[in-house]
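Contents: one structure, followed by commentary.
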Amino acid sequence: MNKNLQLLLFFGAFAFVFTGCIGSKLGSAKQNEDLSAKIKEKSDVIDYALLHQQTVPDLASRGGGASRGLPVAGMAGSVISLATNAVKQMIDNDKKKYTAEYGYALTDLYFYDQLSTTGPFDPIGMQFNSFKLVRTFENNGKQDTAMVAEFELDIENPYSIINNSVFRLRLKDLKINYAKAKVAANSDKLLNVDFEITFNTSYVNAEGQLFKNVELGKFYLFVRKAPLDITKDGYAEYYQRIKGQKLVGQSFIVPRSFGNHIVGNYTSEPSYSQGAYNISIKVKESSKNSFVNQLVIDNSGKLVDALGDQMKKTLK
């Protein structure tokens, strides 16, 4: 082969490999990185004035020969179990250059805006509404926004919260402009992101038993092939399309700690607290399709019943 042709092929191959290793300006955005999380609370996030009255049937009404009336409006949806299995592809955090991970934490939060004398799972005064995550970095000497994500309480079926002491989350908004993970210059400038959200609490029951850092529930959001280039067609449409998406998973509402409240004349009476809790969030990014299969059980009625019964027994 001609030497000049050999040299041409060699440098051509070298250039191809080299450009594949060059990172896009939309990736590796991590200089002077700043992570912030903010909770948004709303008094009486569930409007009880809009809910229908529910009845609990007695033994006689459950008998085979007894006539049964139609269930009160709103009750029908709560007697149907939602048991679905979802197999999701989660990013395998192999610590390679195309994968990045970071986290947030919201601590010392209160789930309710008032005390209760009813019990540990009294939902009245629930104020948890939504929370927002922001990641910024230094871009050419100025702080630039890399990612904004906001999650909110799913109140499509408030009876699930009241009857089952379980809540779910929705994606309120998401925008990704830069990746922390490296993105190849010759790639499609797309990013895969996994959000893992965990609710934890510490509490004491009426018997004086202490429970520290108890996991109440876990949520996942799997974002695939999210565009990074805001100037490209389809960028705005992609993020608009995933708004309102339900997250995989569920959580128990926060149990209230047993305590006391002042009633006057220097005396106190038993009551239950405002429900202290923490939220921790892990975010994993990958610009390559580096995933592992993991089974995530969502809306498992049997699991909720078993764990709920066990937790309520410890709180009695």
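Quick one: how many residues across segment 136-157 are in contact with a strand residue (DSSP E or B) (Cβ under 6 Å, 6 or more places away or on another chain) and in a loop (DSSP other than H, G, I, E, B)?
Adding up the residues that qualify gives 1.
For ASP108, state whether it is open to solvent by less than 50 Å² (accessible area, probe 1.4 Å) and either touching a residue at least 12 places away in the same chain (Cβ under 8 Å) or touching a strand residue (DSSP E or B) at 6+ places or on another chain (Cβ under 7 Å) (or both). Outline the logic, then answer.
Values: open to solvent by less than 50 Å² (accessible area, probe 1.4 Å): no; either touching a residue at least 12 places away in the same chain (Cβ under 8 Å) or touching a strand residue (DSSP E or B) at 6+ places or on another chain (Cβ under 7 Å) (or both): yes.
In short, no.
Go through (1) touching a residue at least 60 places away in the same chain (Cβ under 8 Å); (2) within 27 Å of ILE242 (Cα to Cα) and name the single condition GLU156 misses.
(1)
Tell me yes or no: at least one residue of segment 175-190 is part of a strand (DSSP E or B), within 12 Å of the chain's Cα centre (by Cα) and closer than 19 Å to LEU228 by Cα.
First, pick out the residues of segment 175-190 that are part of a strand (DSSP E or B): 175-176, 184, 190.
If we keep only those that are within 12 Å of the chain's Cα centre (by Cα) too, we end up with none.
Within segment 175-190 (the criterion being part of a strand (DSSP E or B), within 12 Å of the chain's Cα centre (by Cα) and closer than 19 Å to LEU228 by Cα), the answer is no, since none of the residues qualifies.
Out of SER202, SER160, which single residue is out of contact with any Leu (no Cβ under 7 Å at 6 or more places or on another chain), outside any strand (DSSP E or B) and surrounded by fewer than 21 Cβ atoms within 10 Å (Cβ to Cβ)?
SER160
State yes or no: is SER251 surrounded by 13 or more Cβ atoms within 10 Å (Cβ to Cβ) and not aromatic (Phe, Trp, Tyr)? Explain how you work it out, then say what you get.
Working: surrounded by 13 or more Cβ atoms within 10 Å (Cβ to Cβ): yes; not aromatic (Phe, Trp, Tyr): yes.
Yes, satisfied.
If you go through segment 128-147, how many residues are touching a Lys or Arg at 6+ places or on another chain (Cβ under 6 Å) and either on the phi > 0 side of the Ramachandran plot or open to solvent by 20 Å² or more (accessible area, probe 1.4 Å) (or both)?
Residues flagged as touching a Lys or Arg at 6+ places or on another chain (Cβ under 6 Å) and either on the phi > 0 side of the Ramachandran plot or open to solvent by 20 Å² or more (accessible area, probe 1.4 Å) (or both) within segment 128-147 amount to 2.
In a strand (DSSP E or B) and open to solvent by 10 Å² or more (accessible area, probe 1.4 Å): is that true of GLU196 in this structure? Let's see the steps before the verdict.
Numbers: in a strand (DSSP E or B): yes; open to solvent by 10 Å² or more (accessible area, probe 1.4 Å): yes.
So GLU196 fits the description; yes.
Would you pick out the residues in segment 29-48 that are over 23 Å from the mean Cα position of the chain (by Cα) and open to solvent by 100 Å² or more (accessible area, probe 1.4 Å)?
Once the filter is applied, which keeps residues that are over 23 Å from the mean Cα position of the chain (by Cα) and open to solvent by 100 Å² or more (accessible area, probe 1.4 Å), segment 29-48 yields LYS30, GLN31.
Every residue, every condition in (1) modelled with pLDDT under 95; (2) assigned to a strand (DSSP E or B); (3) open to solvent by less than 10 Å² (accessible area, probe 1.4 Å), yes or no:
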{"position": "THR231", "(1), (2), (3)": "yes, no, no"}
{"position": "TYR238", "(1), (2), (3)": "no, no, no"}
{"position": "LYS243", "(1), (2), (3)": "no, no, no"}
{"position": "ASN260", "(1), (2), (3)": "yes, yes, no"}
{"position": "GLN274", "(1), (2), (3)": "yes, no, no"}
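Determine which member of the set VAL283, VAL263 is touching a strand residue (DSSP E or B) at 6+ places or on another chain (Cβ under 7 Å) and closer than 19 Å to TYR220 by Cα. Before you say what the answer is, go through the steps one by one.
Details: VAL263 fails: closer than 19 Å to TYR220 by Cα.
Exactly one residue qualifies, and that residue is VAL283.
For segment 257-279, how many residues are within 20 Å of THR198 (Cβ to Cβ) and touching a Pro at 6+ places or on another chain (Cβ under 6 Å)?
Number satisfying all stated conditions: 0.
The values are calculated or read from the model by the stated rules, or taken from the named source; none is laboratory data. Given the structure is predicted, the values throughout are model-derived calculations rather than measurements. Don't worry about glycine lacking a Cβ; one is built from the backbone with ideal geometry, like all the others, and counts go over all protein chains shown. Quick note on the areas: whole protein, heavy atoms, side chains included, nothing else; ligands and nucleic acids left out. Shrake-Rupley method; radii C 1.70, N 1.55, O 1.52, S 1.80 Å.
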